[in-house]
Amino acid sequence: MSATITEAPFRPATADPTLHRLPRVAVTTPARNGRYDGEVLVETNGLSKRYGERVSVADLTMTVRRGEVYGFLGPNGAGKTTTLRMLLGLIKPTSGTAVVVGHQPGDPAGLARVGALVESPAFYPYLSGRDNLAVLARYANVPRTRIDAVLDIVDLADRANDGFKTYSLGMKQRLGVAAALLKDPDLLILDEPTNGLDPKGMADMRDLVRRLGTGRTSVLLSSHLLGEIEVICDRVGIIRDGHLVAEGTVDELRGATGLVLRADPLDQAARVIDARYGADRYRLVDDTIQLRTDPADAPLVARDLVAAGIDVLALHPRQQTLEEVFLDLTIAA
């Protein structure tokens, strides 16, 4: 069978790789769905996993709160799946602690409130989707009436009686999510749920996760796909080489990193900017000037341009894309 087991403000990376233990700060930012009661469902403190000389997860400290979709973002091999396996009690940490829905990882009382899809789901190929869920429901002591409910949630009711082997990859993934939902969990853990899916399957899975994250259930979603994290998640933790290097909302992570200017004539505006800031502080992108400076400098920039007889058509803060943030944090030495 499968492995299905049925706010802190932005914290920047540090240049010293030994200083990845990040401070705890109270969260006040509301979840994207408007509910944010602050109840902590997952809390780790210095969680680490070592295999011989290889460090898979190092000193990981994070929290997931009720009613949020938390994105666990990192490149392949960063330690995401290892972390999730420790939270589920599938492997033991080398050091550090974790509390999951009020219990130690792997405690049966805690697992009763957790649903998980770790890596690819595995079911009996010759049984129907419904019958596969019936097997799991029996093991989990879940009433059979719950089966129809989860099939509706994942939009598989019309294919419930078809054999699992006839399902597309996207349908198999959704059946895995249905299995994870059988116990009506407080916490749903999904490990790269869109891996291998075509664009339609990925869109369906994103819609499903968004719907699941609007109720009382919290979702801990691991992924290396930036677009997926950006549109789904309330908060994001970025992991690199086993270290949590940043955590915050998408907007906090992106930050404001400069100014974007549209002016007429653009070449004269560029000369004014060059005279004040130097050639290494700006660049021309399409019909704009992107300037690396404190966004609070906007009035000063506008006055300089107007004094030079240049029309200012637009002037606003520039945010990094999540891709830029991710690459800066995960490619850094």
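None of the figures in this text is laboratory data; all of them are computed from the coordinates on show. Only a predicted model underlies this, so the values are computations on that prediction, with no experimental measurement involved. Every residue, glycine as well, gets a Cβ built from its backbone with ideal geometry; the counts of neighbours run over all protein chains shown.
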At 1.306 mPa s and 10 °C, plugging the Kirkwood radius over alpha-carbon pairs of region 187-228 into Stokes-Einstein gives what diffusion coefficient in µm²/s?
149
Can you sort Thr97, Thr61 so the residue with the fewest Cβ neighbours within 10 Å comes first?
Thr97, Thr61
For the pair Asp297 and Asn76, what calculated FRET efficiency results from E = 1/(1 + (r/R0)^6), where r is the Cβ-Cβ distance and R0 = 51 Å, to the nearest 0.05?
0.80
Qualifying aspartates and glutamates (Cα of each under 12 Å from Cα of Lys49; at least 8 residues distant if same chain)
Asp59, Asp241
To the nearest 0.05, the calculated FRET efficiency linking Val306 and Leu327 through their beta-carbon distance, R0 being 35 Å, is 0.45
Surface/4 estimate of mean projected area, convex hull on alpha-carbon atoms of region 255-331, nm²
5.2
What FRET efficiency comes out for the pair Arg138/Glu39, r = Cβ-Cβ distance, R0 = 35 Å, nearest 0.05?
0.65
Give the aspartates and glutamates whose C-alpha is closer than 17 Å to that of Lys165, dropping any in the same chain fewer than 8 places away, or say none.
Asp131
Full extension between Leu266 and Ala314 adds, at 0.36 nm per residue less the Cα distance, a length in nm of 16.1 nm
Using helices alone, what [θ] at 222 nm do you get for the chain, with -39,500 (n - 2.57) per DSSP H run of 4 or more residues, divided over all residues and rounded to the nearest 500?
-9000 deg cm²/dmol
Label point 7 Å out from Tyr51 along Cα-to-Cβ: which residues of region 101-138 have amide N under 19 Å?
118-120
How large is the translational diffusion coefficient of region 160-208 in µm² per second when you combine the Kirkwood radius over alpha carbon pairs with Stokes-Einstein at 4 °C and 1.567 mPa s?
112
What number does region 205-272 give for Rg over Rh if you use C-alpha atoms and the Kirkwood radius?
1.21
Only one of the listed values, (1) 42, 37, 31; (2) 44, 23, 17; (3) 41, 20, 17, was derived from the coordinates as semi-axes √(5λ) of the Cα gyration tensor in Å; which label is it?
(2)
Which loop trypsin sites (Lys or Arg not before Pro) in region 121-162, with loop taken from DSSP, have no more than 14 other Cβ atoms within 10 angstrom of their Cβ?
Arg144
List the trypsin sites (Lys or Arg not before Pro) within region 215-284 that fall in a DSSP loop (any state other than H, G, I, E or B) and whose Cβ has at most 16 other Cβ atoms within 10 Å.
Arg216
Normalise the Cα radius of gyration of region 124-217 by 2.2 N^0.38 Å (N = residues in it) and let me know the number.
1.02
Hey, if you put +1 on the Cβ of every Lys and Arg and -1 on every Asp and Glu Cβ in region 185-333, which of Ala298, Gly227, Thr321 ends up farthest toward the positive end of that dipole?
Ala298
Can you list, bin by bin at 5 Å, the percent of alpha carbon pairs in region 142-185, starting at 0?
5, 25, 35, 23, 10, 2
Quick check on the exposure proxy: order His243, His224 from fewest to most C-beta atoms within 10 angstrom.
His224, His243
